[in-house]
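Just below is one structure, and these are the notes that go with it.
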Amino acid sequence: MNVKDLMSDQVISVSPEETVAVAARLMTRHNVGALPVRDRDGSLCGILTDRDVVTRCVALERPMQQTSVARVMTSRVATVPPTASVDQAAAMLAKEQVRRLPVVEGRRLVGMVTLSDLSRQAPAEETADVLREVTANIKHL
């Protein structure tokens with residue numbers, strides 16, 4: 001099975017020029033924890049996570065209504081092509097310690113695949129292994 005068989009192709013995204021306040025409202029409205037960031041030409045240039053908003057905006061007391069997404073987004077984004085196998089996507093999630101991956105053809109965003117998507121398709125044992133790897137570096141308070 002390939003990523004294209006289980007990815008979501010209805011992806012809400014945001015531009016780097018948009019404000020963090022608008023992006024946060026989109027996250028809330030669509031119940032997502034991350035938004036891919038697309039340039040004017042539609043190519044993927046980053047990802048904005050709820051963690052980015054908290055650590056790079058809220059915690060630093062930057063005004064969300066005046067702070068651009070470009071200022072707080074994560075620029076280095078792990079991605080997979082739609083033709084990647086489910087095993088390759090799981091390995092990338094584990095390696096990068098993330099729960100979601102943009103799916104791209106070239107630099108064009110075509111979907112998103114999440115740990116949750118993979119868990120619905122993979123046997124429970126494989127899902128548990130990936131989850132362990134993804135969360136291995138999380139520090140508990």
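Residues in region 1-28 that are in contact with a Pro (Cβ under 8 Å, 6 or more places away or on another chain) and either open to solvent by less than 30 Å² (accessible area, probe 1.4 Å) or under 13 Å from MET112 (Cβ atoms) (or both): VAL3, LYS4, MET7, VAL11, SER13, VAL14. Kindly indicate the residue of region 1-28 that is assigned to a loop (DSSP other than H, G, I, E, B) and small (Gly, Ala, Ser) and also farthest from ARG108 (Cα to Cα) among those meeting that condition. Out of the qualifying residues, it is SER15.
Does GLN121 satisfy the criteria of being of a type outside the set (Lys, Arg) and out of contact with any Leu (no Cβ under 9 Å at 6 or more places or on another chain)? Answer is no for this residue.
In region 39-56, the residues that are without any contact (Cβ under 8 Å) to a residue 24 or more places away in the chain form Cβ pairs under 7 Å with partners that are of a type in the set (S, T, N, Q) and outside any helix (DSSP H, G or I), at six or more places apart or across chains, as follows: ASP52/THR74.
Scanning region 76-91 for residues that are open to solvent by 50 Å² or more (accessible area, probe 1.4 Å) and either at pLDDT 95 or above or part of a helix (DSSP H, G or I) (or both) gives PRO81, THR83, ASP87, GLN88, ALA91. Can you list residue pairs whose Cβ atoms sit under 9 Å apart, with the first residue in region 81-100 being touching a residue at least 12 places away in the same chain (Cβ under 8 Å) and the second being of a type in the set (Lys, Arg)? Count only pairs 6 or more apart in sequence or on different chains. Here the result reads PRO81/LYS4; PRO82/LYS4; THR83/LYS4; ALA84/LYS4; LEU93/ARG99; LEU93/ARG100; ALA94/ARG132, each pair linking region 81-100 to a residue that is of a type in the set (Lys, Arg). The residues of region 29-57 that are more than 15 Å from the chain's Cα centre (by Cα), assigned to a helix (DSSP H, G or I) and surrounded by fewer than 18 Cβ atoms within 10 Å (Cβ to Cβ), listed by number, are ARG29, VAL54, THR55. Would you check if ALA94 is open to solvent by less than 60 Å² (accessible area, probe 1.4 Å) and either in contact with a Phe, Trp or Tyr (Cβ under 6 Å, 6 or more places away or on another chain) or part of a helix (DSSP H, G or I) (or both)? Yes. Scanning region 58-75 for residues that are within 16 Å of VAL22 (Cβ to Cβ), open to solvent by 70 Å² or more (accessible area, probe 1.4 Å) and either touching an Asp or Glu at 6+ places or on another chain (Cβ under 9 Å) or of a type in the set (Ser, Thr, Tyr) (or both) yields a total of 0.
The values are calculated or read from the model by the stated rules, or taken from the named source; none is laboratory data. Predicted model, so just to flag it, every value in this text is computed and none were measured. Please note: Cβ atoms are built from the backbone with ideal geometry, for glycine as well, and neighbour counts cover all protein chains shown. Surface accessibility is based on the protein's heavy atoms, side chains included, excluding ligands, DNA and RNA. Shrake-Rupley method; radii C 1.70, N 1.55, O 1.52, S 1.80 Å.
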